[in-house]
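Data first, discussion second: the structure below is written as structure tokens.
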């Protein structure tokens, strides 16, 4: 069985464990459904495609509707592929639920971080900026020099400059599972997780 | 969506919490673990404020210990709080009694 699942970030809260307050992120996970199996012979690699979050069939375009129909699965909002060694072990329509995780286990969570828009160099790269006082004016949050003069006559690639920040795929490693609620399909993970509320998350076990 | 989080928080919430607000004098009975032993410590003072909601609600208690003001913030639903006793109800017109800190 794979130890990975798709979910939706619901928000953060806290729980008490032996008198200690633990900050947790509540993730609504699955149940996910195995839709398609990709095989070495047919597709050149072995993977399973899983779907999450059922939608009204009339909301799905025809090509996708046919795809779901072919594998006899209710249309899902999200489809993601997971590489597995042998996809033949899975059957399409099989459910993946939260109970693949146990409390205390380590997981990694992937999501799309919140977009911050066009940000300056202080927020984006942690530059110090200028002094706030001592007669200094007009040089509060600027990047400073971006390189030398006529040699090399250009700005080096990868120079940290202002630009769009966030809205990127981010993975947070080694988050501890605080609680698994199989009835409500909820996963409580210790700590924060990328993205805004309602964002799609991919939770995978750290083992193997 | 928020409803589901509320449901989880409901589980951690305490059943009986006396009705108290800022200005009241309360005695907080704390469970203190010392290795194997467990004992109760009482922290008695005036409630300066309550803040937050759900399981995250906290309250701040101020007392005078040998002439020095001591303030502690407790999570209202902490399992380490065995009991909260209301000793006196105060009569205040503020939600946050920061003015109590000022010496006259």
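Quick notes
- Efficiency of FRET between residue B:21 and residue B:66 - r from beta-carbon atoms, R0 22 angstrom, step 0.05: 0.20
- Overall size of segment A:92-208 from C-alpha positions, given as principal axis extents largest first: 63, 34, 24 Å.
- Most fluctuating residue given options A:186, A:106, A:64, as computed from a GNM of chain A linking Cα atoms under 10 Å: A:64
- For chain B, calculated [θ]222 nm from helices alone, where every DSSP H run of n ≥ 4 adds -39500 (n - 2.57): -3000 deg cm²/dmol
- Distance (nanometres) between label positions extended 7 Å along Cα→Cβ at residue A:170 and residue A:69: 4.2
- Per residue of peptide B:73-85, the mean number of Cβ atoms on other chains within 10 Å of the residue Cβ is 2.
- Value of Rg/Rh across segment A:15-132 [Cα atoms, Kirkwood radius]: 1.14
- Globularity ratio of chain B, using Cα Rg and 2.2 N^0.38 Å: 1.18
- Note on chain A: GNM, Cα springs under 10 Å; of A:30, A:66, A:126, the largest mean-square fluctuation is that of A:126.
- Our summary gives segment A:75-170 a relative contact order of 36 percent, counting only alpha carbon pairs under 8 angstrom and 6 or more residues apart.
- Over all pairs of different C-alpha atoms in the protein assembly as shown, the reciprocal of the mean inverse distance, the Kirkwood hydrodynamic radius, equals 24.5 Å.
- Think of it as helices only: each DSSP H run of n ≥ 4 in chain A is worth -39500 (n - 2.57), and spread over all residues that comes to -2000 deg cm²/dmol at 222 nm.
- Neighbouring Cβ atoms from other chains, within 10 Å of the Cβ of residues in B:7-15, number 3 on average.
- Residue of B:28, B:86, B:70 that the Gaussian network model of chain B assigns the largest fluctuation, springs spanning Cα pairs under 10 Å: B:70
- Relative to one another, the C-alpha centroids of segment A:57-102 and segment B:1-52 are positioned 46 Å apart.
- Shielding by partners, peptide A:10-16 (average Cβ within 10 angstrom, other chains): 6
Only the coordinates and a few stated rules stand behind these numbers; no lab work does. As the structure is a prediction and not an experimental result, all values here were calculated from the model. Cβ: placed from backbone, ideal geometry, glycine included. Neighbour counts: every protein chain shown.
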